[in-house]
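What follows is one structure encoded as structure tokens, with my remarks underneath.
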């Protein structure tokens with residue numbers, strides 16, 4: 001009897017303890033739900049242009065737009081000081097936005113269309129416009145050499161060393177750019193699918209013949225033919241006797257910063273670059289002939 005009473009009391013105690021624990025749990029305040037981590041604050045609209053400029057532009061143009069960024073010394077042409085005048089285009093937010101998105105072929109100014117959305121492009125354009133108009137304009141008078149190159153549509157590269165280039169013709173005969181020192185070399189990057197490129201071929205062939213006494217060599221580097229023989233066959237139709245080449249590595253256009261075709265690089269007899277240009281041009285124009293005949 002005593003043992004049965006003990007068992008009953010033990011059961012009652014356990015049930016009571018469980019009941020007290022349950023009641024305490026019900027009365028205890030529920031823990032507050034975990035708060036999500038705070039998102040990083042977005043840059044205020046007024047500062048977003050400055051932030052984006054620092055990411056995409058300051059390494060070349062400098063933090064104040066003076067063209068003195070850490071990468072500027074290696075660039076030809078050098079980055080623009082935004083206060084320098086004249087510009088190639090009107091100094092407006094719209095023109096700055098267009099250049100920001102599209103870049104400038106033939107220069108180190110890249111396109112950012114794939115990196116910047118419309119709102120970001122507007123922010124950068126506003127900030128650059130402020131840099132361009134907040135300081136007194138600095139007039140720039142081009143030197144004689146700069147004026148000659150500009151008149152012919154060439155970007156000034158004087159004093160820089162062109163990238164290495166080794167090309168070969170359909171017979172496998174290699175030509176190294178470095179082996180052509182002593183001659184003026186016009187590197188012509190073209191493509192079989194580029195209508196303007198093909199139209200230029202006979203004019204460049206005629207130009208090379210007329211300036212043979214000036215030791216001009218035009219090196220035609222095809223950028224798109226899977227089979228060089230196809231490019232040579234096309235050249236034979238429009239400019240019989242013209243020899244085309246290809247860069248086996250496929251890196252030539254990239255090394256020479258070719259962003260659009262046709263594109264040319266002019267290399268002086270001392271092996272240094274003189275200038276580069278993009279787009280079809282009149283190779284018989286006096287301004288162009290003056291550049292090619294100068295000797296540099």
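Here, each number is a calculation from the coordinates, and none is a lab measurement. Everything numeric here is computed off the predicted structure, so don't read it as measured data. Here the Cβ positions follow ideal geometry from the backbone for every residue, glycine too, while neighbour counts run over all protein chains shown.
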Between residue 215 and residue 75, Cβ-based FRET efficiency (R0 25 Å, step 0.05) works out to 0.25
Plugging the Cβ-Cβ distance of residue 290 and residue 59 into 1/(1 + (r/R0)^6) at R0 = 41 Å yields, to the nearest 0.05, a FRET efficiency of 0.70
The extension gain from residue 166 to residue 199, computed as 0.36 nm times the residue separation minus the Cα-Cα distance, is 9.4 nm
At q = 0.14, 0.19, 0.20, 0.24 1/Å the base-10 log of I(q)/I(0) from the Debye formula over the alpha-carbon atoms of segment 45-140 is -0.45, -0.89, -1.00, -1.50
Of segment 63-85, those with amide N under 18 Å from the point 7 Å along the Cα→Cβ vector of residue 143 are 73-81
Rounded to the nearest 0.05, FRET efficiency between residue 233 and residue 133 (Cβ-Cβ, R0 35 Å) equals 0.05
